[in-house]
Structures are given as C-alpha cells and as structure tokens.
Amino acid sequence: MGSSTRPPAVLLMGPTASGKTGLAVELAQRFPFEIVNVDSAQVYRHMDIGTAKPDRRTLERASHHLIDIVDPNERYSAARFCEDANTLLPEIHARGNIALLTGGTMLYFKALTEGLSGLPAADPDTRLVIDTLAQESGWPALHAELTRIDPETAARLQPQDAQRVQRALEVFYLTGHTMSALIARGRAKGPPYRMIALALQPGDRSVLHERIAQRFEIMLELGLIGEVRRLRERFELNASLPSMRTVGYRQTWQYLDGELSLAELREKGIAATRQLAKRQLTWLRSWPEVKTFDCLDDQVLEQVSTFIGSQIQP
C-alpha cells in the first residue's frame with residue numbers, strides 16, 4: 001500500500017507542559033479524532049496528580065484510550081504499548097475515525113512508527129547479575145561500560161537511567177550483539193498508516209520552564225505527597241518500579257523516605273521535569289518530517305487545525 005493511500009494517523013508530540021492534552025481535546029471537537037495516550041505514566045491507575053492526567057471532565061469531552069490500564073506495581077513497556085496501539089488503530093479506523101496519538105514518551109512514538117526488532121525477552125538471571133554490578137559500581141559505571149560496548153545506544157541514555165541501561169546490557173550479554181545493531185538489522189515494519197507528525201515546541205524556553213515550575217507547585221498543592229503515600233499503602237511498590245521512577249514520583253518517594261526535605265522535593269522535582277523536557281526536545285529535533293508549531297503562540301489551535309485539515313482531506 002502506497003503512503004498516499006494509507007489511512008492517516010496524527011502524532012501530536014511535544015515536551016511536558018507544552019499543552020498537548022488541551023490542544024488534543026480541542027482538535028477532537030473539530031475532527032473525527034479518538035485520542036490515544038502516549039504517556040508512559042498516565043497508563044497507571046491511581047497516579048493522577050503527578051502525571052497531570054486529564055480529569056474526568058476532559059476525558060468526557062473526547063474519546064481517550066490507554067489511560068488507567070495497569071496498576072502501579074505492574075510494568076508497562078514500549079513493546080506492550082505497540083501491541084495495544086496496533087490493536088486500537090484498526091478499531092478506530094473501522095469506526096470511521098482517526099487516531100490522534102499524543103503524549104511525551106518519545107520512545108513509544110519511535111517504537112510505533114519504526115517498529116520493534118526481535119530483541120530477546122527479559123532474563124531474570126542476567127538482570128540479577130547486572131543489578132549486582134550496579135550495586136557495587138553504580139549505574140554511571142555501567143553506562144560507561146555500555147558506552148564502550150554500544151556507543152550508539154549509550155548516547156541516547158542518561159547514566160542514571162537504570163531500566164534502559166540494564167536492558168541494553170542484558171541484550172548484549174544474552175545475544176553477543178549490541179541493541180543498536182539488532183534494531184538496525186531486525187526492525188519490523190511499522191503500522192500501515194500515514195503518520196502525520198506534529199511537534200509543539202516553545203518559542204521561548206524560559207516560559208516553558210516557568211510553566212513547569214508552576215505546574216509542579218500545583219501538583220504539590222493538589223496533594224502529590226498524599227497520592228504517593230496512598231499508593232505505597234495500597235500496593236507493594238519499590239523505588240525501582242517504572243511507575244515510581246517517573247519524574248515527580250521518584251522525588252516524592254525520596255521525601256517520604258526522609259531523604260529530601262520539602263524544599264528539596266520542590267527543587268529536585270522541578271529540575272528533573274525540566275531535564276525531561278530537554279530530553280524530549282532533543283528527540284524532537286532528530287525526528288524526520290515533523291511539522292513544528294510554537295506552543296506559546298495564541299493562534300496555535302488555528303494553525304494546527306489548518307495544517308491537519310490540509311493533510312487528512314481525501
């Protein structure tokens with residue numbers, strides 16, 4: 001099927017606090033969109049405040065998918081996201097609608113559009129070895145080892161990103177091949193849709209930084225600390241779970257453990273969120289064929305609507 005005859009799907013990407021959710025809901029009032037969440041934290045039930053999850057009223061304004069689908073003590077991955085999204089997209093198309101995929105988890109967007117390679121399944125014994133090495137030497141040391149083995153993969157990971165550093169080393173130890181080589185050699189085809197990629201980026205990054213600070217303050221006022229405390233009481237959680245490694249939750253966990261003061265929680269939570277936004281913008285700069293809009297422009301809704309209308313017309 002040629003690209004021009006494939007049904008469209010819209011990707012609305014952008015850094016945290018760029019206004020993706022609000023814009024997506026407004027677009028769904030103008031186009032036959034069903035919104036598909038592409039946020040690795042909003043998939044978790046009961047994690048509402050710290051994920052800036054759409055409230056009930058917002059969810060009622062437009063059809064949303066892949067929100068509140070797993071508990072915080074479960075693991076959700078790019079592979080599972082692709083399975084879920086590849087099930088949803090044909091269903092949305094069959095209803096005569098168009099999928100509007102929006103969120104800030106760039107890895108999920110990349111996995112969906114480029115496909116996943118046949119990487120080996122997780123191996124508990126290998127992970128135990130890697131975890132032991134991390135306890136002895138620290139994750140930055142293992143990241144340095146990954147840089148020696150697989151510089152391409154290491155370059156896109158933070159030294160403290162334990163989950164992904166662990167996975168990259170695990171793949172190499174299990175197969176003798178680097179993750180980057182396996183992905184390049186064995187990548188499956190992406191879904192049969194014409195992906196229309198849009199990115200929200202701030203014309204003035206200092207304004208985005210201020211938005212991030214204000215939003216984190218609001219999260220604290222709304223009860224982020226209480227939310228994490230209730231999660232710890234209700235579920236068997238630990239700080240290494242993906243849900244609790246999420247920005248904001250990780251720092252709140254440390255506060256509840258007495259490792260941070262309230263002032264440090266606020267400072268580190270805002271700093272970590274700004275770092276997340278920086279990484280998201282780095283991903284977007286390398287994204288091929290993406291139409292960029294200034295998320296701070298008062299006319300961004302009209303600009304995006306005009307562009308989408310020109311792209312999805314038969």
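The values are calculated or read from the model by the stated rules, or taken from the named source; none is laboratory data. Computed from a prediction, not measured in an experiment: that's the story for all the values here. Positions of Cβ are generated from backbone atoms using ideal geometry, with glycine treated the same way; all protein chains shown enter the neighbour counts.
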Using beta carbons and a limit of 9 Å, which pairs, at least six apart or on different chains, have the first residue in the stretch 193-209 and surrounded by 20 or more Cβ atoms within 10 Å (Cβ to Cβ) and the second one in a strand (DSSP E or B) and aromatic (F, W, Y)? L198/F293; A199/F293; L200/F293; Q201/F293
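Take R167 and tell me if it is assigned by TED's automatic domain parsing to the domain that holds C295, touching a residue at least 12 places away in the same chain (Cβ under 8 Å) and basic (K, R). Spell out how you get there, then give the answer.
Working: assigned by TED's automatic domain parsing to the domain that holds C295: no; touching a residue at least 12 places away in the same chain (Cβ under 8 Å): yes; basic (K, R): yes.
Spelling it out, it is not the case that R167 is assigned by TED's automatic domain parsing to the domain that holds C295, touching a residue at least 12 places away in the same chain (Cβ under 8 Å) and basic (K, R).
A quick yes/no check of all residues on (1) over 13 Å from the mean Cα position of the chain (by Cα); (2) at pLDDT 95 or above:
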| residue | (1), (2) |
| --- | --- |
| T5 | yes, no |
| G14 | no, yes |
| S18 | yes, yes |
| A24 | yes, yes |
| D39 | no, yes |
| Y44 | no, yes |
| R56 | yes, no |
| R75 | yes, no |
| A94 | yes, yes |
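Among the residues of the stretch 100-108, are any more than 20 Å from A199 (Cα to Cα), among the aromatic types (F, W, Y) and at pLDDT below 95?
Going through the stretch 100-108, the residues more than 20 Å from A199 (Cα to Cα) turn out to be none.
No, because not a single residue in the stretch 100-108 is more than 20 Å from A199 (Cα to Cα), among the aromatic types (F, W, Y) and at pLDDT below 95.
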Within the set of pairs 6+ apart or on separate chains, which have a first residue in the stretch 298-314 that is more than 16 Å from S18 (Cβ to Cβ), a second that is of a type in the set (K, R) and exposed (fewer than 15 other Cβ atoms within 10 Å of the Cβ), and C-beta atoms under 7 Å apart? S305/R30; F307/K291
Checking the conditions here, which among L27, L59 is part of a helix (DSSP H, G or I) and surrounded by fewer than 17 Cβ atoms within 10 Å (Cβ to Cβ)? L59
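Does the stretch 275-283 contain any residue that is over 24 Å from A111 (Cβ atoms), assigned by TED's automatic domain parsing to the domain that holds F109 and in a helix (DSSP H, G or I)? Give the steps one after another, and end with the answer.
Here is the first cut: in the stretch 275-283, the ones over 24 Å from A111 (Cβ atoms) are none.
No, the stretch 275-283 contains no residue that is over 24 Å from A111 (Cβ atoms), assigned by TED's automatic domain parsing to the domain that holds F109 and in a helix (DSSP H, G or I).
Would you be able to tell me the number of residues in the stretch 154-177 that are β-branched (V, I, T) and at pLDDT 90 or above?
Kept after step one, since they are β-branched (V, I, T), are these residues of the stretch 154-177: 165, 171, 175.
Narrowing the set further to residues that are at pLDDT 90 or above leaves 165.
Qualifying residue count for the region: 1.
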Could you check the stretch 248-274 and list, in sequence order, the residues that are touching a residue at least 40 places away in the same chain (Cβ under 8 Å) and within 30 Å of A197 (Cα to Cα)? G248, Y249, G269, I270, T273, R274
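Say whether the condition of being assigned by TED's automatic domain parsing to the domain that holds A272 and either within 18 Å of D298 (Cα to Cα) or not in a loop (DSSP other than H, G, I, E, B) (or both) is met by at least one residue in the stretch 45-54.
Here is the first cut: in the stretch 45-54, the ones assigned by TED's automatic domain parsing to the domain that holds A272 are 45-54.
Right, trim to either within 18 Å of D298 (Cα to Cα) or not in a loop (DSSP other than H, G, I, E, B) (or both) and you get none.
No, the stretch 45-54 contains no residue that is assigned by TED's automatic domain parsing to the domain that holds A272 and either within 18 Å of D298 (Cα to Cα) or not in a loop (DSSP other than H, G, I, E, B) (or both).
Give me the residue from the stretch 217-248 that is hydrophobic (A, V, I, L, M, F, W, C), within 13 Å of P72 (Cα to Cα) and in a loop (DSSP other than H, G, I, E, B) and, out of that set, nearest to the chain's Cα centre (by Cα). Write out each step before concluding.
Taking the stretch 217-248 as the starting set, the residues that turn out to be hydrophobic (A, V, I, L, M, F, W, C) are 218-220, 222, 224-225, 228, 231, 235, 237, 239, 241, 244, 247.
After this cut, where a residue has to be within 13 Å of P72 (Cα to Cα) as well, the list is 228, 231, 235, 237, 239, 241, 244.
Now drop any that are not in a loop (DSSP other than H, G, I, E, B), which leaves 235, 237, 239, 241.
Details: F235: 23, L237: 21, A239: 19, L241: 15 Å.
Among those that are hydrophobic (A, V, I, L, M, F, W, C), within 13 Å of P72 (Cα to Cα) and in a loop (DSSP other than H, G, I, E, B), it is L241.
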The residue that is surrounded by the most Cβ atoms within 10 Å (Cβ to Cβ), considering only those in the stretch 261-272 that are of a type in the set (A, V, I, L, M, F, W, C) and within 15 Å of L224 (Cα to Cα), is L265
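Would you call I130 touching an Asp or Glu at 6+ places or on another chain (Cβ under 9 Å), closer than 26 Å to V247 by Cα, assigned to a helix (DSSP H, G or I) and not small (G, A, S)? Lay out the reasoning, then the answer.
Details: touching an Asp or Glu at 6+ places or on another chain (Cβ under 9 Å): yes; closer than 26 Å to V247 by Cα: yes; assigned to a helix (DSSP H, G or I): yes; not small (G, A, S): yes.
When the stated conditions are applied, I130 passes them.
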